[in-house]
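Working notes, structure below.
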Amino acid sequence: MMELFTPGLEAYAERFTSSETSILKEIASFTQAHTSRPHMMSGHLQGVFLSMISRMIKPKYVLEIGTFTGYSAICLATGLQPGGYLITIDRDERLHTQCKAFFQQAGLAEVIRPITGDALYILQDLDQTFDLVFIDADKENYITYYETILPRVATGGWILADNVLFHGEVLQPIAKQSKPAQAIQAFNQHIAADNRVEHLLLTIRDGLMLIRKK
Ligand SMILES: C[S@@+](CC[C@H](N)C(=O)[O-])C[C@H]1O[C@@H](n2cnc3c(N)ncnc32)[C@H](O)[C@@H]1O
């Protein structure tokens with residue numbers, strides 16, 4: 001894994017970023033203690049970014065693909081309009097049971113709607129128009145998720161895709177990249193060639209692609 005940032009830079013950025021709420025701290029501790037891949041969680045810096053993006057956009061309907069322990073869902077729900085809601089999909093039933101308790105504790109059980117199952121199938125049944133979508137599940141399906149959901153994104157609406165630097169592997173020659181890194185590379189190229197959208201690759205944490213539908 002490549003060192004993407006000057007050592008200490010992220011810690012410095014966290015020091016000068018609003019602190020985590022108590023529920024997010026609790027989710028972070030749970031994730032460290034009870035999951036095998038805690039690095040999958042958005043975490044402090046990216047979480048505050050997602051909260052601020054949500055507050056700026058003030059979405060009515062948000063979709064998240066990849067709930068994990070619920071950290072990013074709580075952040076993305078921050079700016080929801082009254083009457084709005086966030087759908088979050090994960091295929092891990094055990095995680096969703098735990099998340100529901102966290103959403104309850106955060107006072108968000110009414111507005112965060114977890115759907116358990118394979119996102120590839122669930123996406124096909126959604127008929128809302130989303131103002132904000134967060135793609136954060138299996139990298140091999142990013143292009144499929146994007147193409148399936150883009151028609152369901154409002155004009156002027158937003159998509160965020162996580163891990164678009166894939167621990168710096170995208171900087172390696174393609175033959176040296178892992179399968180998920182190659183999938184991310186293909187996704188980045190797909191977005192770059194898509195004139196239906198404007199896009200910005202943000203070097204926050206593991207890379208976030210911010211996409212606006214024209
Ligand atoms: C990177 S984690 C999500 C992290 C979370 N969004 C956050 O920022 O804290 C990816 C999640 O996607 C889920 N996932 C992977 N492939 C999936 C699929 N095809 N359908 C539904 N969920 C999937 C995994 O179970 C895992 O919990």
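The values are calculated or read from the model by the stated rules, or taken from the named source; none is laboratory data. Nothing here was measured: the structure is a model prediction, and the numbers come from that model. Here the Cβ is made from the backbone with ideal geometry for all residues, glycine too, and neighbour counts use every protein chain on show.
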With criteria (1) buried (at least 19 other Cβ atoms within 10 Å of the Cβ); (2) closer than 17 Å to I149 by Cβ, I115 comes up short on (1)
Of I184, I159, I149, the only residue that is within 16 Å of the ligand (Cβ to nearest atom), in contact with a strand residue (DSSP E or B) (Cβ under 8 Å, 6 or more places away or on another chain) and closer than 22 Å to T203 by Cα is I159
Among strands (runs of 3 or more DSSP E) entirely within the stretch 126-214, at least 3 residues that are surrounded by 14 or more Cβ atoms within 10 Å (Cβ to Cβ) and under 15 Å from the mean Cα position of the chain (by Cα) occur in 130-135, 153-162, 208-213
Across (1) at pLDDT below 95; (2) in contact with a strand residue (DSSP E or B) (Cβ under 9 Å, 6 or more places away or on another chain); (3) among the β-branched types (V, I, T), T6 clears everything bar (2)
Checked pairs for the stretch 92-112, first of a type in the set (K, R), second more than 16 Å from the ligand (Cβ to nearest atom), C-beta under 9 Å and 6 or more apart or across chains, list as K100/A109
Those residues of the stretch 85-114 which are in contact with a Phe, Trp or Tyr (Cβ under 6 Å, 6 or more places away or on another chain) and part of a loop (DSSP other than H, G, I, E, B) amount to A109, V111
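For (1) touching a Ser or Thr at 6+ places or on another chain (Cβ under 9 Å); (2) buried (at least 17 other Cβ atoms within 10 Å of the Cβ); (3) over 20 Å from A154 (Cα atoms); (4) free of Cβ contacts under 8 Å to residues at least 60 places away in the same chain, each residue gets a yes or a no:
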residue	(1), (2), (3), (4)
E3	no, no, yes, no
A11	no, no, yes, yes
S18	yes, no, yes, yes
I23	no, yes, yes, no
I74	yes, yes, yes, yes
Checked pairs for the stretch 194-205, first β-branched (V, I, T), second assigned to a strand (DSSP E or B), C-beta under 7 Å and 6 or more apart or across chains, list as V197/I211; V197/R212; V197/K213
Every listed condition ((1) within 13 Å of the ligand (Cβ to nearest atom); (2) touching a helix residue (DSSP H, G or I) at 6+ places or on another chain (Cβ under 8 Å); (3) closer than 26 Å to N141 by Cα; (4) in a loop (DSSP other than H, G, I, E, B)) holds for S36 save (2)
